[in-house]
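Chemist: Starting off with a structure, shown below.
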Amino acid sequence: MIISVNGGHTPTSAGASGYLDEVREDRIIKDCLIAELRARGHEVSDSTADDWMGYPQELNTQCQRANASDAELGVSIHLNAGGGTGVEVLHYPGTCEGLSADVSARLAAVLGLPDRGAKARSDLGWLNGTNMPAVLVEVCFVDSSADKEAYDAVSYQAIACAIADGLVGGGQAAPIAPPAPPASSGEVPAIYLQAKLADGTVLPATTWPDYAGWGGVPIAYLAAWCEWPLEVQAYTANGWLNSLTNPDDIENLGSGCVGDGTPMMGLKMYLTSPDSRHVVAYQVTIDGNCGYPEQRDHETSDGQDGYAGDLVTAITEVKARIEAY
Ligand SMILES: [Zn+2]
């Protein structure tokens, strides 16, 4: 099974703390859980948000990453707060109720804490924003000394195993095909893209085959960089703007990213590869259509027009990779 796992919150958008710190603990548990699920033969991706992300971006990012991974099951690890004691597992109404009850019961048994069971919630970003069946595990209460004592008495491995048992059953994983090798063999560097949208949202940096962009919102600024010189130029209502080489700081308007705050409608990239045998291949989505052919460098042969976009319609997504020719 393909499973996406994350630890809730970030240091920037901190979770609960008391006797235990939620973010510190949930990161350790999710790492152990990922290792345990992989050991049982599952394909697991980590959809944890980046440390610098605040609310609600951290939540959107978790969902975006889980959805992009084609996961068949999503799991977010949290610790609870608010004066209770014990384990509970949250799910969207009408899905995952049995699975949630099973995870909760197994985890409660291992911890020796009350089993608060499965709880249906329709107000949580993780459960609302994921395309796949998803659960949110509240391992124990950070503000209960009894919970901390019970938590400290068992290993992270035991906690991860109990959760995995509830999620996928003990060692009964269906065999899965190994993941496809990455498109680039490591000989060429990755191109990193990071977008700031017209609504002010700053997205996490992505690499091929992921795209920069979110929700059909026009891209206002774009950072794009790699280990080789990559020249980037944006077109807006103000025409073609100054080009930059490896703009790599989306918050540094003017020299760290291309764009002027208005919707970007055209994009040019040019790669100077050490062996002169590679180009940047890039592709944009406009009007929801991501099927436009790739543009390579500034080429105008093979039906290419030297840039991506139509210079009229806002660009909402950008992908880029290095290609040999
Ligand atoms: Zn939480």
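The values are calculated or read from the model by the stated rules, or taken from the named source; none is laboratory data. A quick note: this is a predicted structure, and the numbers were derived from the prediction, not measured. FYI the Cβ positions are ideal-geometry reconstructions off the backbone, even for glycines, and counts take in every protein chain you see.
Chemist: Out of all the residues in region 60-89, which are under 30 Å from G216 (Cα atoms), among the hydrophobic types (A, V, I, L, M, F, W, C) and surrounded by 22 or more Cβ atoms within 10 Å (Cβ to Cβ)?
Modeler: Selection gives C63, A66, A71, L73, V75, I77.
Chemist: Something else now. Please return the ranges of helices (runs of 4 or more DSSP H) entirely within region 47-153 where 1 or more residues are free of Cβ contacts under 8 Å to residues at least 24 places away in the same chain and of a type in the set (A, V, I, L, M, F, W, C).
Modeler: In region 47-153, the matching helices (runs of 4 or more DSSP H) lie at 97-111.
Chemist: While we're looking at this one, here's another question. Would a scan of region 261-269 turn up a residue that is surrounded by fewer than 17 Cβ atoms within 10 Å (Cβ to Cβ) and among the charged types (D, E, K, R)?
Modeler: There is no residue in region 261-269 that is surrounded by fewer than 17 Cβ atoms within 10 Å (Cβ to Cβ) and among the charged types (D, E, K, R).
Chemist: Then there's this: Looking at region 286-316, which of its residues are assigned to a strand (DSSP E or B), touching a residue at least 60 places away in the same chain (Cβ under 8 Å) and surrounded by fewer than 22 Cβ atoms within 10 Å (Cβ to Cβ)?
Modeler: Selection gives nothing.
Chemist: Residue under question is K196, and the condition is that it be among the basic types (K, R), closer than 18 Å to E294 by Cα and in a strand (DSSP E or B); does it hold?
Modeler: no
Chemist: Scan S17, S45 and give me the residue that is within 12 Å of the ligand (Cβ to nearest atom), of a type in the set (S, T, Y) and either farther than 23 Å from L203 by Cβ or at pLDDT 95 or above (or both).
Modeler: Just a single option satisfies the conditions, and that option is S17.
Chemist: Exactly one of (1) closer than 15 Å to I29 by Cβ; (2) within 15 Å of the ligand (Cβ to nearest atom) is unmet by G82. Its number?
Modeler: All conditions pass for G82, except number (1).
Chemist: Answer yes or no: is there a residue in region 17-32 that is outside any helix (DSSP H, G or I), in contact with a His (Cβ under 8 Å, 6 or more places away or on another chain) and surrounded by fewer than 19 Cβ atoms within 10 Å (Cβ to Cβ).
Modeler: Within region 17-32, none of the residues are outside any helix (DSSP H, G or I), in contact with a His (Cβ under 8 Å, 6 or more places away or on another chain) and surrounded by fewer than 19 Cβ atoms within 10 Å (Cβ to Cβ).
Chemist: Kindly provide the set of residues from region 228-254 that are touching a residue at least 40 places away in the same chain (Cβ under 8 Å), more than 24 Å from R277 (Cα to Cα) and loosely packed, with under 15 Cβ neighbours inside 10 Å, ordered by number.
Modeler: E251
Chemist: Name every residue in region 20-42 that is more than 16 Å from the ligand (Cβ to nearest atom) and either of a type in the set (V, I, T) or within 16 Å of the chain's Cα centre (by Cα) (or both), in order of residue number.
Modeler: Scanning region 20-42 gives D31, I34.
Chemist: Listed residues S76, S145; which is more than 16 Å from the ligand (Cβ to nearest atom) and modelled with pLDDT of 95 or more?
Modeler: S145
Chemist: Condition (residue is under 15 Å from C140 (Cβ atoms) and more than 15 Å from the ligand (Cβ to nearest atom)) applied to region 48-60: is it met by at least one residue?
Modeler: no
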